[in-house]
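The values are calculated or read from the model by the stated rules, or taken from the named source; none is laboratory data. What you see is a predicted model; the values in this text were computed from it and never measured. Here the Cβ positions follow ideal geometry from the backbone for every residue, glycine too, while neighbour counts run over all protein chains shown. Ligands, DNA and RNA are excluded from the accessible area calculation, which covers all protein heavy atoms including side chains. Shrake-Rupley method; radii C 1.70, N 1.55, O 1.52, S 1.80 Å.
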Amino acid sequence: MNGFFKLVSTFQTQAEPAYCGLTTLVVVLNALSVDPGRRWKGPWRWFDESMLDCCEPLENVKKNGITFSKVSCLAQCAGASVQAFRANESSLDLFRSFVETCASSEDHHLVVSYDRQILKQTGTGHFSPVGGYHRHKDMVLILDVARFKYPPHWVPLSLLWEALNSVDEATGKSRGFMMITKRAKPTCFLFTLSCKDQRWRAMCKYLLEEVPYLLKSRGFTTVEEVVYTVFGSLPADVASFVKWIVEVKPAVNGPIEKVDRDETERLRYKSKVLQQLRQTRALALITKWMEQNSVNSPEDESLQTAILQACCQGAAAFRGSNCYSNVKCFKKDVKESNVTSNGARGEAVVMSSRVLVDGCEQVIDALVPKRPSSGNVGGGSVLQQDGIDQVTLEENAFHPTTRDLLAVLLLALPPSTWEQIPDLSIHAEISRIVSRKELPHELQLEVEHLFEQAFFVSRSCTEEALTEEALIETKN
């Protein structure tokens with residue numbers, strides 16, 4: 001019962017009938033003290049269901065619930081480490097060992113996805129955290145997040161395993177369990193993958209399935225040709241799949257004049273990651289390819305446009321809205337001002353937007369790093385230094401742009417992507433360029449984070465493809 005008290009202190013009832021997966025994650029993430037990277041209400045940083053939307057739009061979850069793979073994707077996206085197992089790929093003994101491990105720990109929690117009907121309960125698929133284990137009786141304590149239906153209750157482990165080892169009719173896949181832990185490093189990332197845009201499925205299938213086939217079937221003489229093959233035919237804008245994270249908060253008592261130590265550290269970290277990315281051969285290669293092929297960045301890529309979009313999303317979230325498409329933002333009101341951070345004047349910049357939500361005007365502040373003395377991809381050129389292409393960048397665009405998104409995506413692609421390149425010298429060169437071993441520590445963590453996200457996204461993509469095929473076969 002070691003983990004029980006942590007979980008019960010954050011235990012809550014699901015806000016919607018189909019929110020069992022989201023609420024279960026909220027309980028576990030808060031029990032682990034995972035930082036959501038933004039304020040909930042007042043000064044408090046606390047997860048609620050409205051924050052868990054990076055892998056599936058909340059409107060869809062509210063209507064249809066959420067799948068096992070999407071829950072594991074959400075947990076990872078929120079900043080936790082996840083080990084997920086489907087029951088048909090696991091065993092009763094392995095499940096029991098994870099139950100014992102998590103019940104005996106305050107920083108390892110187990111989430112189960114099971115069929116209620118096997119437990120003689122009303123309903124079908126459900127998610128809940130495990131709150132304890134009785135070894136002598138071999139029984140598991142389920143902290144049911146649908147507290148309006150069932151209080152916490154004990155279930156024979158073998159019966160729970162049977163409920164896990166059932167098929168989710170929505171996906172045709174087995175249910176299962178996952179162990180969730182807190183990352184060793186506090187959550188703070190510059191980039192994230194997003195599944196909000198419906199085009200993510202096409203992006204996922206193209207990058208993980210079609211690209212390896214294209215690389216295998218073509219002959220290459222330069223690495224630029226490899227990049228053109230990978231990114232020259234993207235089914236959607238890279239910004240629809242890879243996002244950069246902006247920290248926003250409601251303006252209180254006028255313009256912000258000072259940011260706290262934690263905010264300053266996050267800004268410094270993100271700035272450092274961006275600078276490290278811009279010193280990589282991957283970004284130099286992307287820049288060279290874009291210039292040689294006259295590939296232009298989108299016209300709406302300016303910092304003010306990005307901040308306006310972030311403030312719109314933030315305003316909707318602060319108002320408790322699941323959709324920000326109806327939020328009215330006024331671009332003319334985006335204002336910039338330097339603020340004091342950690343005792344130093346002008347180390348951070350606050351950009352404010354005036355937003356209209358449900359008829360109420362609201363001012364949202366976005367925190368961005370101070371412009372560096374050099375370094376961005378708003379324009380620039382490729383130079384040779386020690387035989388390696390380097391990018392010189394203009395000062396006036398210090399936020400991530402299309403080149404940054406393409407470069408970090410290039411670094412985050414699975415190593416298996418390049419295995420089938422016929423020319424061994426080209427294969428060796430591109431492998432050196434995208435190797436994570438030589439990356440600076442902060443950038444390496446960022447790329448590994450995206451790679452882990454891509455793994456969960458690919459599983460979800462495969463799952464949905466199989467579901468669609470099953471539905472087509474049924475109709476036929």
* **Accessible heavy-atom area order of 41, 249, 437, highest first, probe of 1.4 Å** => 437, 41, 249
* **Length added when fully stretched, residue 279-residue 81, from 0.36 nm per residue minus Cα-Cα** => 68.4 nm
* Structure fact -> Expected field for residue 94, accessible surface area in Å² at 1.4 Å probe radius, rounded to 10, holds 60 Å²
* Might you work out the accessible area of residue 126 for me, using a 1.4 Å probe with all protein chains in place, and round it to the nearest 10 Å²? => 10 Å²
* Those residues of the stretch 155-174 whose amide nitrogen sits under 11 Å from the label point placed on residue 64, 7 Å along Cα→Cβ -> 170-171
* Structure fact -> Taking placed amide H atoms and a strict 5 Å upper bound, the residues 5 or more places from residue 363 or on another chain that come that close are 251, 355
* Potential extension, residue 136-residue 120 segment - 0.36 nm per residue separation minus Cα distance -> 3.4 nm
* **residue 158 versus residue 217: modelled label distance in nm, points set 7 Å from Cα along the beta carbon direction** => 5.3 nm
* **Contour minus Cα-Cα distance for residue 432 and residue 88 (0.36 nm per residue)** => 120.0 nm
* Asked: Could you state the number of Å between the C-alpha centres of the stretch 137-163 and the stretch 1-74?
  -> 19 Å
* Structure fact -> Carbon and sulfur atoms account, in whole percent of the 1.4 Å probe accessible area of the stretch 2-182, for 51 percent
* For the stretch 35-52, take each phi angle, set θ = phi - 60°, evaluate the Karplus expression 6.51 cos²θ - 1.76 cosθ + 1.60, and give the result in whole Hz per residue in order, putting x for glycine and proline. => 7, x, x, 7, 7, 8, 9, x, x, 8, 9, 7, 6, 9, 4, 5, 7, 9
* Structure fact -> With x for Gly and Pro, the residue-by-residue ³J(HN,Hα) of the stretch 105-118, computed from phi through the Karplus equation 6.51 cos²θ - 1.76 cosθ + 1.60 at θ = phi - 60° and given in whole Hz, is 10, 8, 10, 10, 10, 10, 10, 10, 10, 9, 9, 4, 4, 5
* Over 23 Å between alpha carbons, listed pairs 70/243; 182/205; 63/249; 63/182; 120/149; 249/270 -> 182/205; 63/249; 63/182
* Which far-off residues, 5 or more places away or on another chain, put their amide H under 5 Å from the one on residue 133, with H placed in the peptide plane? -> 141
* Compute, for residue 178, the solvent-accessible surface of its heavy atoms (probe 1.4 Å) with the complete set of protein chains present, and express it in square angstrom to the nearest 10. => 0 Å²
* Structure fact -> By accessible area (1.4 Å), largest first, 70, 258 order as 258, 70
